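> Encoded as structure tokens, here's the structure I'll be asking about.
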């Protein structure tokens, strides 16, 4: 396993470059970029078809910088400088534990002051450079694809927040044992929590800016599948605990052309340091699982990236808004419900039934998707 990008570079090329980049975070960042790119392509396609129209908004041109704008820029500059100068002076701490270094209260007050002054002055100069004797309101045209950056940022923030909330609901004992660590750490994220919260946040933003909810959902569907599949590669590479149940069965004959770790893997050097010590290993990540397990993140990556290509190839055949997103919900629900059968997860026990949070949500998504396919098909027939 490669908990950090430095570990990956060292194993592949034999070079040791200490970088404060964790493998899981790296792949998550790439997955957001992929989702943003596919969303932009789909919004542009819908714009060319006349399904989405640009929105008009009023913009005040020629006004000088306000005190609030200058203060806000200065505050952002202080926070950036406060941590950035600290990172330069304590680079080894940053590499050793990026999360702790980022979330700690330690920083450089001098760096904060310098950046606050620089960004505050930059805002003052920027607004005053275009200042007019008499500011005026003008109409500005904003196409839906121009909002992709904002949509992605909202999805990232709300998604991470939702993933953290749902994880703590699934594992309340971790929250009780270490409330601060459970709320602020970047580990322990529930995919469906992120998906649900990000859905409401992004559709609210899209509707506010004139993008119909169903069209926005359709435009995001394929990219969501790709982003999830790519993000799971990060789980596999880092060994972050999203693996399956113990698998001591011999590899089936039909899988004989694949390496053994494709069927059963013990995740050496996993980022959680879970398992037993590795003899002769020196460093932070020197544990290996005592018994091999199903590499479920690998399976999910392959399935979801395959589903992405399926969705991408048929997306133009769906003419009724909402029907394509319904297909995504069906595929998403089927994939996750199936993988939960061999995946380690906390289970709820209600009325004699044992099920995971993901199984419950995946069933709801599956049935919602089936209902959506039927409902939107009926709308197409009626129209």
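> For residue 58, state whether it is outside any helix (DSSP H, G or I), at pLDDT 90 or above and farther than 27 Å from residue 228 by Cα.
On the way: outside any helix (DSSP H, G or I): yes; at pLDDT 90 or above: no; farther than 27 Å from residue 228 by Cα: yes.
It is false that residue 58 is outside any helix (DSSP H, G or I), at pLDDT 90 or above and farther than 27 Å from residue 228 by Cα.
> Consider residue 17 against the criteria (1) touching a residue at least 12 places away in the same chain (Cβ under 8 Å); (2) not in a helix (DSSP H, G or I): it satisfies all of them except one. Which criterion is unmet?
(1)
> Which one of 320, 271 is part of a loop (DSSP other than H, G, I, E, B), in contact with a helix residue (DSSP H, G or I) (Cβ under 8 Å, 6 or more places away or on another chain) and crowded, with 21+ Cβ neighbours inside 10 Å?
Values: 320 fails: crowded, with 21+ Cβ neighbours inside 10 Å.
None of the other options fit; the residue is 271.
> Which members of the range 274-307 meet the condition of being in a loop (DSSP other than H, G, I, E, B), over 24 Å from residue 4 (Cβ atoms) and in contact with a helix residue (DSSP H, G or I) (Cβ under 8 Å, 6 or more places away or on another chain)?
Result: 294, single match.
> Same structure, new question: Please go through (1) in contact with a helix residue (DSSP H, G or I) (Cβ under 9 Å, 6 or more places away or on another chain); (2) within 24 Å of residue 22 (Cα to Cα); (3) surrounded by fewer than 16 Cβ atoms within 10 Å (Cβ to Cβ); (4) modelled with pLDDT under 85 for residue 106 and return the number of the only condition it doesn't satisfy.
(4)
> For residue 181, all conditions in the list (1) surrounded by fewer than 21 Cβ atoms within 10 Å (Cβ to Cβ); (2) modelled with pLDDT of 90 or more hold save one; what is the number of the exception?
Only one criterion in (1) surrounded by fewer than 21 Cβ atoms within 10 Å (Cβ to Cβ); (2) modelled with pLDDT of 90 or more is unmet by residue 181, namely (2).
> Sticking with this structure for a sec: Of all residues in the range 95-127, which are under 24 Å from residue 73 (Cβ atoms) and touching a strand residue (DSSP E or B) at 6+ places or on another chain (Cβ under 7 Å)?
none
> While we're here: Specify which of the listed residues (63, 74) is more than 25 Å from residue 318 (Cα to Cα), surrounded by 15 or more Cβ atoms within 10 Å (Cβ to Cβ), modelled with pLDDT under 95 and outside the structural domain of residue 221 (by TED's automatic domain parsing). Spell out how you get there, then give the answer.
On the way: 74 fails: modelled with pLDDT under 95.
Result of the check over 63, 74: 63.
> Sticking with this structure for a sec: Where residues in the range 134-156 are in contact (Cβ under 8 Å) with a residue 12 or more places away in the chain and within 17 Å of the chain's Cα centre (by Cα), which of them is farthest from residue 52 (Cα to Cα)?
Ranking the qualifying residues of the range 134-156, first place goes to 156.
> Oh, and also: Where the second residue is surrounded by fewer than 16 Cβ atoms within 10 Å (Cβ to Cβ) and part of a helix (DSSP H, G or I) and the first is in contact (Cβ under 8 Å) with a residue 40 or more places away in the chain and lies in the range 70-86, which pairs have Cβ atoms under 8 Å and are six or more apart or on separate chains?
Going by the 8 Å Cβ cut-off, the qualifying pairs are 73/122; 74/117; 77/117; 77/118.
> Then there's this: Name the one entry in 206, 188 that is at pLDDT below 95, within 19 Å of the chain's Cα centre (by Cα), farther than 25 Å from residue 26 by Cβ and buried (at least 16 other Cβ atoms within 10 Å of the Cβ). Even if it seems obvious, please write down each step before you answer.
Numbers: 188 fails: farther than 25 Å from residue 26 by Cβ.
The match here is 206.
> Pick out the one residue from 265, 299, 328 that is surrounded by 12 or more Cβ atoms within 10 Å (Cβ to Cβ) and in contact with a strand residue (DSSP E or B) (Cβ under 7 Å, 6 or more places away or on another chain).
Numbers: 299 fails: in contact with a strand residue (DSSP E or B) (Cβ under 7 Å, 6 or more places away or on another chain); 328 fails: in contact with a strand residue (DSSP E or B) (Cβ under 7 Å, 6 or more places away or on another chain).
Residue meeting the stated conditions: 265.
> Quick one: which of 92, 130 is outside the structural domain of residue 36 (by TED's automatic domain parsing), touching a residue at least 24 places away in the same chain (Cβ under 8 Å) and either touching a strand residue (DSSP E or B) at 6+ places or on another chain (Cβ under 9 Å) or closer than 30 Å to residue 48 by Cα (or both)? Let's see the steps before the verdict.
Numbers: 92 fails: either touching a strand residue (DSSP E or B) at 6+ places or on another chain (Cβ under 9 Å) or closer than 30 Å to residue 48 by Cα (or both).
Criteria check complete, one pass: 130.
> If you check 303, 342, which single one turns out to be at pLDDT 95 or above and over 26 Å from residue 211 (Cβ atoms)? Walk me through it before giving the result.
Working: 342 fails: at pLDDT 95 or above.
Residue meeting the stated conditions: 303.
> Regarding the range 346-355, can at least one residue be identified that is in contact with a helix residue (DSSP H, G or I) (Cβ under 7 Å, 6 or more places away or on another chain), in contact (Cβ under 8 Å) with a residue 12 or more places away in the chain and in a helix (DSSP H, G or I)?
no
> Now a separate question. Restrict the check to the range 26-41 and report whether at least one residue is outside the structural domain of residue 202 (by TED's automatic domain parsing), part of a helix (DSSP H, G or I) and modelled with pLDDT under 95. Let's see the steps before the verdict.
At the first step, the residues of the range 26-41 found to be outside the structural domain of residue 202 (by TED's automatic domain parsing) are none.
There is no residue in the range 26-41 that is outside the structural domain of residue 202 (by TED's automatic domain parsing), part of a helix (DSSP H, G or I) and modelled with pLDDT under 95.
> Any chance you could count how many residues in the range 330-345 are in a helix (DSSP H, G or I) and more than 19 Å from residue 196 (Cβ to Cβ)? Break it down into steps so the answer makes sense when it comes.
Applying the first criterion (in a helix (DSSP H, G or I)) to the range 330-345 yields 330-342.
Of the ones still in play, those that are also more than 19 Å from residue 196 (Cβ to Cβ) are 338, 341-342.
Total satisfying the criteria: 3.
> May I pose another question? In the range 109-125, which residues are surrounded by fewer than 14 Cβ atoms within 10 Å (Cβ to Cβ) and under 33 Å from the mean Cα position of the chain (by Cα)? First the steps, then the outcome.
Of the range 109-125, the ones surrounded by fewer than 14 Cβ atoms within 10 Å (Cβ to Cβ) are 109-110, 125.
Residue satisfying the conditions is 109 alone.
The values are calculated or read from the model by the stated rules, or taken from the named source; none is laboratory data. The shown structure was predicted, so the numbers you read here are calculated from the model rather than taken from an experiment. Using ideal geometry, Cβ is built from the backbone for each residue, glycine included, and neighbour counts are taken over all protein chains shown.
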